[in-house]
1. Filtering segment 270-297 down to residues that are in contact (Cβ under 8 Å) with a residue 24 or more places away in the chain and hydroxyl-bearing (Ser, Thr, Tyr), which residue is nearest to ligand 1 (Cβ to nearest atom)?
2. Pick from segment 206-242 the residues that are in contact with a helix residue (DSSP H, G or I) (Cβ under 6 Å, 6 or more places away or on another chain) and within 15 Å of ligand 2 (Cβ to nearest atom): which of them is most open to solvent (accessible area, probe 1.4 Å)?
3. Could you list, in sequence order, all residues of segment 174-189 that are under 22 Å from Leu329 (Cβ atoms) and crowded, with 19+ Cβ neighbours inside 10 Å?
4. Working only within segment 149-187, note down all residues that are part of a helix (DSSP H, G or I) and within 17 Å of the chain's Cα centre (by Cα).
5. Any idea which of Pro104, Pro171 is within 23 Å of Gly82 (Cβ to Cβ) and open to solvent by 80 Å² or more (accessible area, probe 1.4 Å)?
6. Are there strands (runs of 3 or more DSSP E) fully within segment 332-408 with at least 1 residues that are more than 30 Å from Val193 (Cα to Cα)? List them.
7. Of the conditions (1) hydroxyl-bearing (Ser, Thr, Tyr); (2) open to solvent by 10 Å² or more (accessible area, probe 1.4 Å); (3) closer than 30 Å to Arg168 by Cα, Ser263 satisfies every one except a single condition; which number is it?
Amino acid sequence: MTIAVDPSCADPVDTGSIPADDALRRILSSITPLEAAERVNLRPALGRILAEDLHSAVAVPGHTNSAVDGYAVAGSELPEAGAAELTVLGSSFAGRPFHGRVGPGQCVRIMTGAVMPEGTDTVVMQEHAERIDDCRIRIDDRNEALQNTRRAGEDIERGDMVLARGRRLEPADLGLLASLGINEISVVRRPRVAFFSTGDELRSIGEPLRPGEVYDSNRYTLYGMLTRLGVHIVDMGVVKDTPEATLAAFRSAADNADVVVTSGGVSVGEADYIEHSLTELGEIDFRKVAMKPGRPLTFGRISRSWFFGLPGNPVAVMVTFYLFVQPALRHLMGEKFAAPLLLEARSETALRKKAGRAEYQRGILVIDSDGTLTVRRTGPQGSGILTSMSQANCFIVPPVEQESVEAGSRVPVIPFSEFRV
Ligand code: AMP
Ligand code: MG
């Protein structure tokens, strides 16, 4: 005799869930990027999202200058064969140019970065010049006209667009803007993200644990991942597993934040009140994704805020955050970004998986002694085993339809660095 059962992650085909790709598409298409911007100085702009296209008002370099230490001459003075003697008129230093015109048979001693004197367009490096005396050098036929110079505007022409709206500002960008003399730019305002943990079993660090209780670790991983993204965080602590406490936390979170992220309470257990509160105060877009870990992922809205109900298990929290919350927040901030880079590695171990769902097993990616990208799975893969995330540096992501992976075969991986900004 058999009993009536509900859909679950143990089913060969998970009927109650949507594919992971669809889940991300639905999230991105329902979130409208923030419009509001603020002006900030260059240093605090690091990691912020540019809210305007930036054009250069100047050329970089501003003047044609020397790329080496040597002698500035006119290209037409270079001997085609044999050697030639030139008179040294003076010196041009970076920041202290030579004033005067350089004519036939003449040259100027020049340092790297110094402006090319009038009448010159070529630099003979000092190692290729023979010093005859204080005011004469000899050069031979190894040189070419225009060599060893940096043309005005060769990096940036006046009016060029240097950085586009939606760019997350990197250290190189700060340098680039500084080179243009730009000290103030417009960046997208930081979104506010409120988050809390749910569970009667959760204790804060510092408190003693009674039997069956665990420390709230999700708030710390969430703190870390959110902080790195550069959003304003509103840490609301632990919320008890009661409908009243969950409703009250939802109201206050939605009043205070653009995005609300919770962990736990989204399974089908007796103490799972997230879905109940969401139905009451907002709307649910989807509640399950065909993936492991992370199946009970809920996405929806609470009044004007977007809502992510992450599972309670610590690994599932990180996986669903990296795959869905992270791109959602970047999209909300108006960032233009690419999908995570998928690499192929040789799997050291055989992997078992269920066909029809996306699995994110934790792996350690290395380049082995023969130069092959190789991945080894971390130990046990339970969704509560946080050491697997801490030891790993990548997700191993066999194709959704694949069943198992043989040892030695190739398997797609996504380095964790793809989820960090
Ligand atoms: P739940 O989804 O609420 O049923 O939780 C699933 C599992 O994750 C349970 O074993 C919880 O104790 C655990 N869990 C939930 N929230 C947290 C948290 N904030 N920190 C550590 N473990 C948690
Ligand atoms: Mg719970």
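1. The residue in question is Tyr273.
2. Ser217
3. Ile185, Val187, Val188
4. Filtering segment 149-187 for residues part of a helix (DSSP H, G or I) gives 171-179.
Within segment 149-187, Pro171, Ala172, Asp173, Leu174 meet the criteria.
5. On the way: Pro171 fails: within 23 Å of Gly82 (Cβ to Cβ).
Answer to the selection: Pro104.
6. 343-347, 361-367, 373-377
7. Ser263 satisfies all of (1) hydroxyl-bearing (Ser, Thr, Tyr); (2) open to solvent by 10 Å² or more (accessible area, probe 1.4 Å); (3) closer than 30 Å to Arg168 by Cα except (2).
Conditions (1) of a type in the set (S, T, N, Q); (2) modelled with pLDDT of 95 or more; (3) within 14 Å of ligand 1 (Cβ to nearest atom); (4) part of a loop (DSSP other than H, G, I, E, B), marked per residue:
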position: Tyr220; (1), (2), (3), (4): no, yes, yes, no
position: Glu244; (1), (2), (3), (4): no, yes, no, no
position: Leu247; (1), (2), (3), (4): no, yes, no, no
position: Val260; (1), (2), (3), (4): no, yes, no, no
position: Val268; (1), (2), (3), (4): no, no, yes, yes
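The values are calculated or read from the model by the stated rules, or taken from the named source; none is laboratory data. Just so we're clear, the structure is a prediction, and the values are computed from it rather than from any experiment. Positions of Cβ are backbone-derived with ideal geometry, glycine not excepted, and every protein chain shown enters the neighbour counts. In case anyone asks, the SASA skips ligands and DNA or RNA and just uses the protein heavy atoms, side chains included. Shrake-Rupley method; radii C 1.70, N 1.55, O 1.52, S 1.80 Å.
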